[in-house]
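No lab work stands behind these numbers, since they all come straight from the coordinates. Nothing here was measured: the structure is a model prediction, and the numbers come from that model. When we count neighbours, we look across all protein chains shown, and the Cβ atoms used for this are built from the backbone with ideal geometry, even at glycine.
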Number of protein chains: 4
Amino acid sequence: MARKLKVAVVGATGVAGQQFLVALDGHPLFEVTRLAASARSAGKKYIDAIKTEAGQMQWHCNEPLSPKFAQIKVDEAARMPMNGIDIVFSALESDAAKQLEPVYAKTAGVFSTASAFRYEPDVPILIPGVNHSHIRMIDTMRKNRGWKGFVLPGPNCTVTGLAITLKPLHDAFGLRSVMLTTMQSVSGAGRSPGVLALDITDNIVPYISKEEEKVEKEAQKILGEVKGGQFVPIRMDVSATCTRVPVLEAHTESVFVSLKKKASVEQVKKVLRDFGKDFLKKGFHSAPDQMILVHDDPYRPQPRLDRDNGGGMTTTVGRVREDSVLPNGIKYLLVSHNTKMGAAKGAVLTAEYVHAEGYFRG
Amino acid sequence: MARKLKVAVVGATGVAGQQFLVALDGHPLFEVTRLAASARSAGKKYIDAIKTEAGQMQWHCNEPLSPKFAQIKVDEAARMPMNGIDIVFSALESDAAKQLEPVYAKTAGVFSTASAFRYEPDVPILIPGVNHSHIRMIDTMRKNRGWKGFVLPGPNCTVTGLAITLKPLHDAFGLRSVMLTTMQSVSGAGRSPGVLALDITDNIVPYISKEEEKVEKEAQKILGEVKGGQFVPIRMDVSATCTRVPVLEAHTESVFVSLKKKASVEQVKKVLRDFGKDFLKKGFHSAPDQMILVHDDPYRPQPRLDRDNGGGMTTTVGRVREDSVLPNGIKYLLVSHNTKMGAAKGAVLTAEYVHAEGYFRG
Amino acid sequence: MARKLKVAVVGATGVAGQQFLVALDGHPLFEVTRLAASARSAGKKYIDAIKTEAGQMQWHCNEPLSPKFAQIKVDEAARMPMNGIDIVFSALESDAAKQLEPVYAKTAGVFSTASAFRYEPDVPILIPGVNHSHIRMIDTMRKNRGWKGFVLPGPNCTVTGLAITLKPLHDAFGLRSVMLTTMQSVSGAGRSPGVLALDITDNIVPYISKEEEKVEKEAQKILGEVKGGQFVPIRMDVSATCTRVPVLEAHTESVFVSLKKKASVEQVKKVLRDFGKDFLKKGFHSAPDQMILVHDDPYRPQPRLDRDNGGGMTTTVGRVREDSVLPNGIKYLLVSHNTKMGAAKGAVLTAEYVHAEGYFRG
Amino acid sequence: MARKLKVAVVGATGVAGQQFLVALDGHPLFEVTRLAASARSAGKKYIDAIKTEAGQMQWHCNEPLSPKFAQIKVDEAARMPMNGIDIVFSALESDAAKQLEPVYAKTAGVFSTASAFRYEPDVPILIPGVNHSHIRMIDTMRKNRGWKGFVLPGPNCTVTGLAITLKPLHDAFGLRSVMLTTMQSVSGAGRSPGVLALDITDNIVPYISKEEEKVEKEAQKILGEVKGGQFVPIRMDVSATCTRVPVLEAHTESVFVSLKKKASVEQVKKVLRDFGKDFLKKGFHSAPDQMILVHDDPYRPQPRLDRDNGGGMTTTVGRVREDSVLPNGIKYLLVSHNTKMGAAKGAVLTAEYVHAEGYFRG
């Protein structure tokens, strides 16, 4: 096997950063050699950097912290040495991302969970298996910006499952419009400040700031085309209502789609089930064994039972039915793991794909 | 004040029956004189009929059991003497309702939470303040069936808030179609068997058997007209996805409506806020002070915070916005208390209205 | 009726401050004339001071904000004019309390939810109905410190229900030792930062920083005596394990007590039920109709069903049984509303009592 | 490897039966060759026997159903052919267990989750690693009852973790008495009827019928000795308060122990950590890598984070501290997976141990 690519994880002490570490533990292609965080953590061993003053370890994943990572000395994100680094996985907050990711991108490929660059005209929002043709915008980005590397932001976690299920419908039947109501888990809000038990126990919060705009805009960009080095968003109206529910992990989405071409429920199920087979043949380390699992049991998908399908990387669909209101209407529910496929582990899969496409050669 | 009407509560030992007792405690017009349940309870004092063999009292309301009701001897529902009874509030299961409600209706007005008669061609599904014109179907029913009384089933608890918010939109702008995703509380499933904590904790169940069909059919009937002694359902497509969420009480519904006439968000809010003012002027005992409360705060409505508005009888709306997909599309969320306005207390308000309209005279 | 005492609420914009406002709304003896908070809020109307920059109102009580309070201009706590103020209800954080409460106490009676002064040798931790004899320490405090007023901190919310149930046992049978395991609600941690849904959903957290020490120390002080102007703590070992559970409001405590004198379960129930009758005869505005409600039903007390007994001011007890390990052992469970009797409303009741004892005269 | 023992799982369609199937899937020593349930399921393939009339599959484990088991034809428990069966894993209800387990025991070793035989004078309640010396009561049982096989009931799920942590303390320091308050998960109540979300959401139920008696009695038997072919329960008073909390899986227990010999916190931690090392060396298939995991972090154990330690077979302990009330008092919390180590998987481990001890030879 060829040499492993050298990886830095930035924003490594936060929840998303820790999820990167879990996704990268024992990775066959990527080797974590540097961890970076804020000035407060700089100079400490990672294991010490995530301890509170009272000595409590703030490790927020179910999977254990790799002892190897525990001993790495943390750099300050703003002064991280880039020599020898091929890839930066960035879990920075949006403002820091805006400032630092371009610095890293001068020499490295940056895969980010931040939204800072999602809406730039030369930056694709790649979802592995969904919009492969957008990858060539990396060349445009490099030319425009004089980078040797690039920045590839992942989509908003609510968009991930939506785009994955819309893509095969788009290819097979064409998309006219989509309406959805989301029931999003508390992990989507992170931990700073995060959702208080006082606010969500026995309750639903019917609003998530800026979420609906992101869903609408990102879905259109991801499902659109690249023409003449420019993004042409799909002409598909999207209308979203996003809510927060008392669920720990995984977003559930109730979707109503208007297709261009009439399709039966069985046809829809078939294209969903068949989606991504070629992509998956390539055997990426972080990929699930199926992109979309479709249940016939009407009591599924359920977030607690289906979120870990495919190691959290499979989008699970159920209740595919005809909709009586929209032209060629189809409705279904989906469950997507917002902190696996919808965040760090999804970004790692993207990196595996970009690597396979040769963007780290030479 | 005139004499109080004599009331029997049937199915009195179950949850819905108990909610009738709470709604009727201290009622200015109705006096509970008889309680009935299954043969197993017959002959016992009510307070004893709701005890388990181990002596545990099975009273499932937050409000206390009235000491007056506690001492009433329970009749068997199938043999309840009807002499002197003006009104029967029925919380029977569907099969028993089908058989017994017509017996009671020979001489009394029956207000029921069961679905048994909802879809009969001469039986209206009355919601106070919403479809007053349907009340005259009582005359048709009496004529058809030779009853001195009548049966008036309340709507499915998910329809109540929906119909209340659609009615003013219908009157002001016309309705073309409606799509909704519901997030329904566990109390909607009752207690036999009810929703297990094992199934709903940290979870969503995406299916409620037969619920979507009821929502679609009942909404169309309630918002329709009576012409020539017959129901003409509204021509409005309804498409519902109904889910169960970990919330104790109150259904939350994410609604997308296509109006016939373009309306601004402010116009929609105004007609919602103004709805029912004339009806409420009559000062019914169980009525709230407003039919619909509209929040401007985008973080509302929340089921835990808004379910008890107006004593559980107000429908609370928020996040009224334009929808970009449907023609003249408007979207909003609503919260409606499924076991108050959506069940027993709603039926009591209906009885108050029917009483005011003179159907118990002579 | 005599003139109302003039009241300031300090720390008024936080959760505990808001609970003071609810407890004081429409109060027959106390009139809120001043509200104070941090410099950031100073100069704003209260209604504006509790809005986020995005305009969302941060009112955290189920009861509505009184319109009268909404319009009061907020002072800076550190510069609040004390002229005309008889009483200060303080919801300050501990550090600010340490600094500011003595300033207020120069001229006013300060009732505080902060722990800053609880362990001072001349400051009692008063619980109405429990340790009346401690009230005379106010005179000592005044003499020691040259204050015209005084500072009266309320107990830790976990101690309240414990001390209320131990006091009658102490009086009737004597106390040797007490062991308890608490299951505390998330509201006990407040909102800054508060308990995250991510941490407590489907979970228990077995530790609450410094809580056990407070329980042990405060219980001993409250149940102790005042002799020669000094506190003599009760000689009773206390051993506590304090945990956090997924409950919104009310602490549940599993208590094991060793009595000095053998007592039967029925005797224990009787002294608990009889407790506080004389105190309650005085008819204080914020007092419940019974200090302790004792259930015979083994399935009670339950925090959701019992927390609002007596307007949140009654301690509810159940499962009184003999304990086989401790000498003259008795065990029971209690539920106590941590943000009513255990916090602001309890402090208001204390103020009513201190007022009745003449400490605000002349 | 020697031939695998032939196994029947009885009560196979219920939750505990399904957990047996999960624990036995791919087992190196045991081969499931027969499944039995009630007459209603008899004659159907297992996969069909667990479907509702509406076709919904009632499989209640997170782990998938093995396709091999899915195709086995279900026998009626009361008429199951015993030829060739070495072991019966029984998940029968108590009444059926009382009747049928002796029939199976005539020729096979029966490992049961039912309580039917727990209190028989010649039947041990074996916990692997805890009370090995009790195994020889199998000989007594065989002699008394004329069985070639035997019945070995597992302990109540609340006792398991308690006994595992008490045993090393008993061996090292002696036990005088133990007091505990349990916070038990909803899965402990099973599914028929199970705990309703309506009853436990935002709540605690302070009573579990008959649980405290079982804890007290079984702990004394398990920690006792076998002398002259008879059980001599340990002389240790046990006082338990058992509650139900809104947690899905794993019981949390707050334990206070009085030791015979004074021991420091560090000594206690050490004996807990060292417990079972010899037993584990034997490398049983279902055994964890450590019997007891002791946390130093005071925020642990937490049921959601610690229940799956050691594949659900490790008991996790934390907050080991001195107790100030009991003589030589020590207190700690433990988390134990009630449906893994505390039920079916624990019974399978017991079977592995009994097999290693030679009870299935010849």
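At a 10 Å Cβ-Cβ cut-off, how would you order C:27, C:337, fewest neighbours first?
Ascending Cβ contact count within 10 Å gives the list C:27, C:337.
Amide H of residue C:338: which non-local residues (sequence gap of 5 or more, or other chain) have their own amide H closer than 5 Å, using H built in the peptide plane?
The answer is C:250, C:251.
Can you pull the Rg over Rh of region B:157-336, Cα-only, Kirkwood?
Expressed as Rg/Rh, it is 0.96.
Among B:255, B:294, which comes first, second and so on when ranked by fewest other beta-carbon atoms within 10 Å?
So the residues, fewest neighbours to most, are B:294, B:255.
Given that compact globular proteins tend to follow 2.2 N^0.38 Å, what is the ratio of the alpha-carbon Rg of the protein assembly as shown to that value?
Numbers: Rg = 33.5 Å, N = 1448, 2.2 N^0.38 = 35.0 Å.
Ratio of Cα Rg to 2.2 N^0.38 Å: 0.96.
As an exercise, use a Förster radius of 30 Å and the Cβ-Cβ distance of residue C:6 and residue C:308 to find the FRET efficiency, rounded to the nearest 0.05. It would help to have the intermediate numbers written out before the result.
Working: r = 30 Å, r/R0 = 1.01.
Working from the Cβ atoms, E equals 0.50.
HN-Hα J couplings of region A:281-294 from phi, Karplus 6.51/-1.76/1.60, θ = phi - 60°, integer Hz, Gly and Pro as x?
My calculation for region A:281-294 gives 4, 5, x, 5, 4, 8, 7, x, 7, 8, 6, 10, 9, 10 Hz in order.
Mean residue ellipticity at 222 nm from the helices of the protein assembly as shown, using -39,500 (n - 2.57) per DSSP H segment of n ≥ 4 over the full residue count, to the nearest 500 deg cm²/dmol?
Working: 48 runs with 416 residues, N = 1448.
One gets -8000 deg cm²/dmol as the mean residue ellipticity at 222 nm.
Residue B:31 label points, 7 Å along Cα→Cβ, one per copy: pairwise distances from this copy to the rest in nm, shortest first?
4.7, 7.9, 9.1
By how many degrees, 0 to 90 and rounded to 10, does the Cα axis of helix D:265-274 deviate from the longest principal axis of chain D?
Around 20 degrees separate the two axes.
For region D:194-200, what does the Karplus curve 6.51 cos²θ - 1.76 cosθ + 1.60, with θ = phi - 60°, yield as ³J(HN,Hα) per residue in whole Hz, taken in order and with x for Gly and Pro?
Coupling constants for region D:194-200: x, 8, 6, 4, 4, 8, 10 Hz.
Please list, in chain and number order, the residues 5+ apart from residue D:111 or on another chain whose amide H is under 5 Å from its amide H, with Hs placed from the backbone.
D:88, D:89, D:90, D:152
If you only keep lysine pairs separated by 8 or more in sequence, or across chains, how many in region B:4-101 come under 25 Å at the Cα atoms?
15
Along Cα→Cβ at 7 Å, what distances in nm separate the residue C:192 label point from those on the other copies, shortest first?
Label point to label point, same position, other copies: 1.9, 5.2, 5.4 nm.
According to a simple spin-label model (label point 7 Å from Cα along Cα-to-Cβ), what is the distance in nm between residue D:79 and residue C:106?
Reported label-point gap for residue C:106 and residue D:79 is 9.4 nm.
Summing +1 for each Lys or Arg and -1 for each Asp or Glu, what net charge is found among the other residues whose Cβ lies under 13 Å from the Cβ of residue B:225? Each step should come with its number before you reach the end.
Working: positive: B:136, B:167, B:221, B:227, B:235; negative: B:171.
Around residue B:225, the charge tally is +4.
For the rotation that brings chain B onto chain D, whose beta-carbon in chain B is nearest the axis, and what is that distance in whole angstrom?
Of all Cβ atoms in B, the one closest to the rotation axis yields B:197, 2.
On C-alpha positions alone, give me the angle between the axis of helix B:344-356 and the longest principal axis of chain B, in degrees, nearest 10.
Its long axis makes an angle of about 90 degrees.
For the pair residue B:98/residue D:282, report the inter-label distance in nm, with labels modelled 7 Å from Cα in the Cβ direction.
According to this spin-label approximation, the distance is 6.0 nm.
Over region B:163-205, with a single point scatterer placed on each C-alpha, what log10 of the ratio I(q)/I(0) does the Debye formula yield at q = 0.27 1/Å?
So the normalised log intensities work out to -0.96.
For residue D:132, place a label point 7 Å from Cα along the Cα-to-Cβ direction in every copy; what are the distances to the other copies, in nm, shortest first?
5.9, 6.5, 8.5
Taking the alpha-carbon distance from residue A:270 and a cut-off under 16 Å, which lysines remain once sequence neighbours fewer than 8 residues away in the same chain are dropped?
Cα-Cα hits under 16 Å: A:167, A:261, A:262, A:331.
From the P(r) of region B:42-195, can you give the percent of Cα pairs sitting at distances over 19 Å?
65
Rounded to the nearest 5, what is the percent of antiparallel bridges among the DSSP beta bridges in the protein assembly as shown?
The answer is about 45 percent antiparallel.
Within 10 Å of each residue's Cβ, count the other Cβ atoms and sort B:177, C:254 from fewest upward.
Sorted ascending by nearby Cβ count, the order is B:177, C:254.
Grab the beta carbon distance between residue A:148 and residue A:44, set R0 = 30 Å, and tell me the FRET efficiency rounded to 0.05.
0.45
Largest first and in whole Å, give the semi-axes of region D:83-126's equivalent ellipsoid, each being the square root of 5 times a Cα gyration tensor eigenvalue.
17, 12, 9
How big is chain A along each principal axis, measuring the range of its Cα positions in Å and listing the largest first?
Projected onto its principal axes, the Cα set of chain A covers 61, 51, 36 Å.
How far apart, in nanometres, would the label points at residue B:171 and residue C:225 be if each is projected 7 angstrom from Cα along the Cα-to-Cβ direction?
Distance between label points: 7.4 nm.
Name the residue, out of A:33, A:314, A:52, whose mean-square fluctuation peaks in a Gaussian network model built on chain A with Cα pairs under 10 Å.
A:52
Looking at chain B, what % of its DSSP beta bridges pair antiparallel, to the nearest 5?
The answer is about 45 percent antiparallel.
Nearest-5 percent of antiparallel DSSP beta bridges in region D:157-336?
70
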